[in-house]
Amino acid sequence: MLKKLGQCIGRQRNWIYAVFACFALMISLNTDLSEISAEAAAGGFWNLLAGNIKKLEYLLPVFTYRDALLAFFIFFFFQKAGEEWDTQISRWAYRIPAALTAFFLVFGYSFRYTNSWDLIFMDTFHLLVSALMMAGYYFLFSRIYSQFLYRICRMASERGVNARPWKATEWIFEKHAFWGPFLVILLFWAPYILAKFPGAAMPETLAEMRQFYWNDINNYYPPFHTVVMSLIMQLGNLIHSYTFGFFLNLVLQLALLLSAFSYGFVLMKRWKTPYMIRYVSLAIICIVQFFPMESTIVEKDVPYTACVIFLVLLLYELVRTLRADEVYSWKKMVGMVLVCMGVACNRNEGFYLILVSGIAVAVYVFRLLWNGHRMNCIRIMTAVLLPLLLFAGYQKVLLPACGVTDNGPKEALSIPFQQTARYVRDYGDEVTEEEAEIIGQVLDYENLAELYDPITSDPVKYTYHAETTGDLLDYFGVWFRQLLKHPGSAVEATMNNVYGWFYQEGYAHNYLMTPTIDGQEIRWEIVQPEKLAGVRQVMERVAKLLSRVPVVNWFENAGFVSWMTILAAAVWIGSGRKKYLLSALPLLVALLVCVASPTFNYQVRYIMPVMFCVPYLLPMVLQSLTEKRERERLTQLPFTNWRPSWSIS
């Protein structure tokens, strides 16, 4: 009986999956679960039943043609998109990312509307609805990811896909693999550059200039970027004006960023990436408005992002081409050191990217080469570990010697500060006088509950005033005791502050068009031509229009790019190509940096390195799977003693 029931369910499971997926999407699109309050059960069975039926009214949407079409397409998708799979990759490579996506969407929905997880844990009814929604999202994204990966595996098994390209394709991607994409990107970005001439600025940009002007530099902003940008401003003024200096900053940062993008297409040429995928990658960079809009702002995030792109690509090539019999050249060593220093010096959090990546690569290379090819091992380890020592000397010796002051640890403490503020807001009556006094030595305890903003730690963080290390240690003692007492409050505080990095609401809303900002005046005059005012207005509207175009706007969504990065990492693990995770470590650490950042609200630039690397994730994954296919094919040849020289396992 049970066997027949299982067979029946197996035959109809596509319909079941479609029903769950429809339920999840309909609730998300049509229902505000925050309007459903918890019903009291004290009135007896009938009152309880009536209350739950009332709740169901909120779940069942009024019929619309949009809902009907959506349901039709979902059922059609599940019936036509089967569960074909390639044994080259474990099924967990899409199941785990699908489960994470479902988790992000359900919990993100709750935090989006209530700044808490009440829409999940409010009562049994909400918990049941959330479980059904999570199941529906899991079935939907499990099928989407499996279909996507299955087609990638099919592409990896095909050869000769790049035969006989068009003349334009050959010119861009083969004959001029660097300058071709460089010029195409520049052509598409030219209207944004013209509209913003001499460039746009953020408050942080102008704050860096003020620090340099008043000779009061601290490490709140990266001192290297502050000094270099300001010196270029002065050079421009010597040549013509501060306006020219500002434009020169823009030109140099764009040259660095476009060089990083173009280097990726040089590697695609080596990997023999299908032209269709190269065009898709190029189109993302050219058309998605966030790429040119953010890149034409003179800010530290642009050179930082360019260096992260270089780092990811260099690490991938290092792992891909690592040979026991080939010495790691001095040219490659110098390039790796310069890129790592660029990552660390252009943004304070960049050090964590090169720290984790450098140690992981060093361990990997040591295990492979130390016994048989020690000199090559030392060269590679030097290239990835030397930047750590250089940056430590820069941070601990050079900056203090130059009079650069330390801004303190508050930038790294957003998570515990938010947890403390939420605890005081929700459980203030449980805080003892001693605990209040200790917290008051570090933060503004008296106003902490009012200052607390669930989606940004800045209001709380800016009240930091600890005078000694002992004050901070005492605070952490109180924080830890409160964490043990109400762990749910701490988890909620952190999730509330970071959910946007993994949820569908994490879109870019930055449309800065000018180098001047009210309340952020600087002594250096930067003039934007009035003749270009009409162009600025038009390009701002174009950018806002593109941000509403489906599919195009996916690539400026923080949640989407986070999912794609996690999916790429899962594919490398599931396909047995774990060594390529080394190239993804900077991106995964960058995601963790976002989690520890003050806010996601309108600050998508924090995730710029991940977002700007997304066009290269598919080519990298495809190349790694193609390499695996080729290796398996070669091992099946009659001369079984032969081993590919390009691979080390």
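Open to solvent by less than 30 Å² (accessible area, probe 1.4 Å), part of a loop (DSSP other than H, G, I, E, B), within 24 Å of Gln623 (Cα to Cα) and modelled with pLDDT of 85 or more: does that describe Ala93?
no
Can you tell me which residue is farthest from Lys485 (Cα to Cα) among those in region 377-432 that are under 30 Å from the mean Cα position of the chain (by Cα) and open to solvent by 70 Å² or more (accessible area, probe 1.4 Å)?
Leu390
Could you give every pair whose Cβ atoms fall below 6 Å, whose first residue belongs to region 165-184 and is at pLDDT 95 or above, and whose second residue is surrounded by fewer than 19 Cβ atoms within 10 Å (Cβ to Cβ), counting only separations of at least 6 or pairs across chains?
Phe178/Val266
Would you confirm whether any residue within region 176-188 is within 26 Å of the chain's Cα centre (by Cα) and open to solvent by less than 20 Å² (accessible area, probe 1.4 Å)?
The answer is yes, given that some residue of region 176-188 is within 26 Å of the chain's Cα centre (by Cα) and open to solvent by less than 20 Å² (accessible area, probe 1.4 Å).
Using beta carbons and a limit of 6 Å, which pairs, at least six apart or on different chains, have the first residue in region 452-465 and touching a residue at least 24 places away in the same chain (Cβ under 8 Å) and the second one open to solvent by 50 Å² or more (accessible area, probe 1.4 Å)?
Listed by first residue and then by second, the contacts come to Tyr452/Arg425; Pro454/Asn115; Ile455/Asn601; Thr456/Asn601; Val460/Leu451.
Could you grab me the full set of residues in region 381-423 that are part of a loop (DSSP other than H, G, I, E, B) and among the charged types (D, E, K, R)?
The one that is part of a loop (DSSP other than H, G, I, E, B) and among the charged types (D, E, K, R): Asp406.
So that you can scan it fast, the table gives a plain yes or no per residue for (1) buried (at least 17 other Cβ atoms within 10 Å of the Cβ); (2) touching an Asp or Glu at 6+ places or on another chain (Cβ under 9 Å); (3) not in a helix (DSSP H, G or I); (4) not hydroxyl-bearing (Ser, Thr, Tyr):
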position	(1), (2), (3), (4)
Arg323	no, no, yes, yes
Val334	no, no, no, yes
Val343	yes, no, no, yes
Asn348	yes, yes, yes, yes
Ile354	yes, no, no, yes
Ser357	yes, no, no, no
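Select from region 585-611 the residues that are more than 9 Å from the chain's Cα centre (by Cα), surrounded by 24 or more Cβ atoms within 10 Å (Cβ to Cβ) and within 21 Å of Trp554 (Cα to Cα) and list them in ascending order.
Correct list: Phe600 only.
Do we have Phe148 as part of a helix (DSSP H, G or I), in contact with a His (Cβ under 9 Å, 6 or more places away or on another chain) and either hydrophobic (A, V, I, L, M, F, W, C) or buried (at least 18 other Cβ atoms within 10 Å of the Cβ) (or both) here?
Spelling it out, it is not the case that Phe148 is part of a helix (DSSP H, G or I), in contact with a His (Cβ under 9 Å, 6 or more places away or on another chain) and either hydrophobic (A, V, I, L, M, F, W, C) or buried (at least 18 other Cβ atoms within 10 Å of the Cβ) (or both).
Which one of these does Ile217 not meet: (1) open to solvent by 10 Å² or more (accessible area, probe 1.4 Å); (2) under 24 Å from the mean Cα position of the chain (by Cα); (3) of a type outside the set (S, T, N, Q); (4) modelled with pLDDT under 90?
(2)
Could you check how many residues of region 504-520 are surrounded by fewer than 22 Cβ atoms within 10 Å (Cβ to Cβ) and either modelled with pLDDT of 85 or more or more than 30 Å from Ser28 (Cα to Cα) (or both)?
The number of residues fulfilling the criteria is 8.
Looking at (1) more than 28 Å from the chain's Cα centre (by Cα); (2) in a helix (DSSP H, G or I); (3) surrounded by fewer than 19 Cβ atoms within 10 Å (Cβ to Cβ), which is the one condition that is false for Gly245?
Tallying (1) more than 28 Å from the chain's Cα centre (by Cα); (2) in a helix (DSSP H, G or I); (3) surrounded by fewer than 19 Cβ atoms within 10 Å (Cβ to Cβ), Gly245 fails exactly one: (3).
The values are calculated or read from the model by the stated rules, or taken from the named source; none is laboratory data. Bear in mind the structure is a predicted one, so any value in this text is a computation, not a measurement. Methodologically, a virtual Cβ is constructed for each residue, glycine included, from the backbone with ideal geometry; neighbour enumeration extends over all protein chains shown. These accessible areas exclude ligands, DNA and RNA; they are computed on the full protein's heavy atoms, side chains included. Shrake-Rupley method; radii C 1.70, N 1.55, O 1.52, S 1.80 Å.
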